[in-house]
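Note sheet for the following structure.
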Amino acid sequence: MGKLNLLHHKSWHVYSQKNRDRVKKDEEEDAKLKEKEKLRIQTAETEDRLNKLREKKNLKIDDEKGFNLFADVEAKMNNQNDEFVEDERKEKEKWNNKITSYLAGTGGKTDEKPWYAKDGFDKYESEKKET
C-alpha cells in the first residue's frame, strides 16, 4: 500500500516554496524597518547633542551658512594692512607686465629698437651703394 502524501498540497505547509519566500520577504521588510528606526533615533540624538552644545557655547547660527566657529579669526584676517595690500598689487602688476612683454616678443625691454633697426645694420647697405 502506498502512503498518502498530502502535506505538500496544504497552503499552511511550512516547507513549501511559497511560504519560504513569504517569510524571507517579511524578514527583509522587518530588517529595513528596524534600520530606519535606528537611523531616526541616532539622528535625533545627534541633533539633541548639537543643540545642547550650541546652547552651552551661545553660538550665533546663520540659517544660510550654519554656524562659524572661527568668525573672530576670519574677521582679523579680513582687516589686512593697507601697505601690504598695495605692495601685493604692485608685485602682481609687475609680474603681469613681465609676462605680457615676454608674450608680446619685446623681452621686457619696450624702449629698445629691434636688432634689425639698430645703426650697425645700415653699414652693409652703405657698402653696396659705394660699389
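The values are calculated or read from the model by the stated rules, or taken from the named source; none is laboratory data. The shown structure was predicted, so the numbers you read here are calculated from the model rather than taken from an experiment. Note that each Cβ is placed from the backbone with ideal geometry, even for glycine, and that neighbours are counted across all protein chains shown. SASA here: full protein model, heavy atoms, side chains in, ligands and nucleic acids out. Shrake-Rupley method; radii C 1.70, N 1.55, O 1.52, S 1.80 Å.
For this structure, a couple of remarks:
- Test: residue in the range 91-101 that is of a type in the set (S, T, N, Q), modelled with pLDDT under 80 and surrounded by fewer than 10 Cβ atoms within 10 Å (Cβ to Cβ): no
- Residues of the range 60-73 that turn out to be of a type in the set (F, W, Y), exposed (fewer than 10 other Cβ atoms within 10 Å of the Cβ) and modelled with pLDDT under 75, as a count: 0
- Pairs with Cβ under 6 Å, 6+ apart, first in the range 23-35 and more than 21 Å from W12 (Cβ to Cβ), second of a type outside the set (K, R) and surrounded by 10 or more Cβ atoms within 10 Å (Cβ to Cβ): none
- K76 falls short on exactly one of the conditions (1) in a helix (DSSP H, G or I); (2) at pLDDT below 75; (3) farther than 30 Å from R54 by Cα, and that condition is (3).
- Here Q17 qualifies as out of contact with any Asp or Glu (no Cβ under 9 Å at 6 or more places or on another chain) and surrounded by fewer than 10 Cβ atoms within 10 Å (Cβ to Cβ).
- Of all residues in the range 38-59, those that are open to solvent by 80 Å² or more (accessible area, probe 1.4 Å) and at pLDDT 75 or above total 12.
- Scan of the range 79-89 for residues that are within 28 Å of the chain's Cα centre (by Cα) and not in a helix (DSSP H, G or I), ordered by number: N79, Q80
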